[in-house]
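Please treat every number below as a calculation from the coordinates, not as lab data. Values in this document were obtained by computation on a predicted structure and should not be read as measured data. Here the Cβ is made from the backbone with ideal geometry for all residues, glycine too, and neighbour counts use every protein chain on show.
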Ligand code: SF4
C-alpha cells in the first residue's frame, strides 16, 4: 500500500479561486445581517460563540435580502433558539465515538468505512449532527492518516470508503489525489463515496484538476451532495454538477427535514424536480438527528410521513427520497416511510 501525506498543492488559478472564496466567507452575525439588510440581533451571540457562523458568499448571494425566514438563511444563521435544548438532545446523538476503527475512521455499517478527512466545512449548518464532534482528536490527517489507511487495509470487509468530515472537498486537490491513490492501492477497496456540500456552497471548488482526478480513478465513484431547498441551485451549481457527472460518478442528494426550511410537500417536490434537472438522484430525506442546539428544526415523524405520501402522489417513484432516521447501533438506517 502506498501512503502519501505531503499536501503541497499544485496551486493554479482555479484552485486559488475557491480557496479565496473560503477565506472571504462571512464569519460574524453582524456582517451577515448587515449585508442582507436585516436588523442587528444581539441575542444570537451565545449561539455564534458555541458554533461559529461560516457563510460563503456564493451561497449568501442566493439568500433574499430582508427576509428573516429565507430557507437558505435559516440553515446558517445563529439564533437564540439554539440555546433552548431539551435534555434528550445530545452532543453525540449518533454515538459515533463508539464506532471508531482508528483515529479518524468510523465503521458503522457492514462493508463501509467512513474516513474523517478534515473538520473544515464550507458552511456551518446549524442543525449539523457533528457540530460538537471533537475533530481535533478524530481526524485522519497528518500523522494519523497513515494509521487510518492501515486500519482500512487491515480490514478486508471494507469495500467502500466514505470520504467525510467536515467536508472532504475543503482539502486541496493534491492531498485528495494522494489520498485516493492510497485507497486505490488497497485491493479490497472498490468504491469511494464523497459526502460534500461544496459543489453547492462554492461551485468553483469543482476544479478541472479534481474532475480529471475522479475521471481517471479506477475506483467506482459516488458523490453525495447535500441540498435542502430548490433555491440552493443556480447556473454555477448546475455547471459544477455537470462537471462532476462527466467523471462517471453517480450523483445522489441527501436532505435533512428542517422546520421552516423544507417541511412542506411543495418545497420538497420542487427540490426533487430541481435535482433531477441537474442530474442528481434524490437519495435520503433524513429525520433530524437530535443534537444539542438544533431542537427548533425538528419536524414530527408523522409530518414527515405525510410529506412523503404527498410527494409520492406528485412524482415518479425514483424522484421520492427514502425518509430515514439513523438509530445508533442499528445495522442500517431505519426507513420511516
Ligand atoms: S456541511 Fe455537513 S458536516 Fe459540514 S456543517 Fe454542514 S452538515 Fe455538518
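Any idea what angle helix 13-23 forms with the longest principal axis of the chain, computed on alpha-carbon atoms, 0 to 90 degrees, nearest 10? For 13-23 against the chain, the angle is about 50 degrees. Taken along its principal axes, the alpha carbon cloud of segment 153-290 reaches lengths of 46, 33, 21 Å, longest axis first. According to the Kirkwood relation over distinct C-alpha pairs, the hydrodynamic radius of segment 37-164 is 16.9 Å. If you line up the long axis of helix 301-314 against the longest principal axis of the chain, both from Cα atoms, how many degrees apart are they, to the nearest 10? Value to nearest ten degrees: 80.
Within segment 226-247, whose backbone N sits under 18 Å from a point 7 Å along Cα→Cβ of residue 24? It comes to 236-237, nothing else. Over segment 256-337, the fraction of Cα-Cα pairs per 10 Å bin, rounded to whole percents and listed from the shortest bin up, is 18, 50, 28, 4. Extending 7 Å from the Cα toward the beta-carbon at both residue 301 and residue 69 defines two label points whose distance is 2.8 nm.
With one equal scatterer per alpha carbon and no solvent term, the Debye-computed log10 I(q)/I(0) for segment 83-234 at 0.16, 0.17 1/Å reads -0.91, -1.02. Quick check: from the Cα gyration tensor, does segment 131-192 come out rounded (a/c under 1.5), prolate or oblate? Taking the square roots of the gyration eigenvalues as a ≥ b ≥ c, segment 131-192 is prolate. Net length available on complete extension from residue 35 to residue 159 is 40.0 nm, with 0.36 nm assigned per residue and the Cα-Cα distance removed. How far is helix 235-245 tilted, in degrees, relative to the longest principal axis of the Cα atoms in the chain, given as a value from 0 to 90 rounded to the nearest 10? On a 0 to 90 degree scale, this one is about 30.
Its DSSP H runs of at least 4 residues, each contributing -39,500 (n - 2.57), put the calculated 222 nm mean residue ellipticity of the chain at -9000 deg cm²/dmol, to the nearest 500.
Its relative contact order, with pairs defined as Cα atoms under 8 Å and 6+ residues apart, puts the chain at 18 percent. Inverting the pair-averaged 1/r between distinct Cα atoms of the chain gives 20.5 Å as its Kirkwood hydrodynamic radius. Rg/Rh, computed from the Cα trace of segment 18-83 with Rh as the Kirkwood radius, has the value 0.94. For residue 335 and residue 132, a Förster radius of 30 Å and the Cβ-Cβ distance give a FRET efficiency of 0.65, rounded to the nearest 0.05.
Evaluate E = 1/(1 + (r/R0)^6) for residue 143 and residue 314, where r is the Cβ-Cβ distance and R0 equals 45 Å; express this FRET efficiency to the nearest 0.05.
Details: r = 52 Å, r/R0 = 1.15.
It comes to 0.30.
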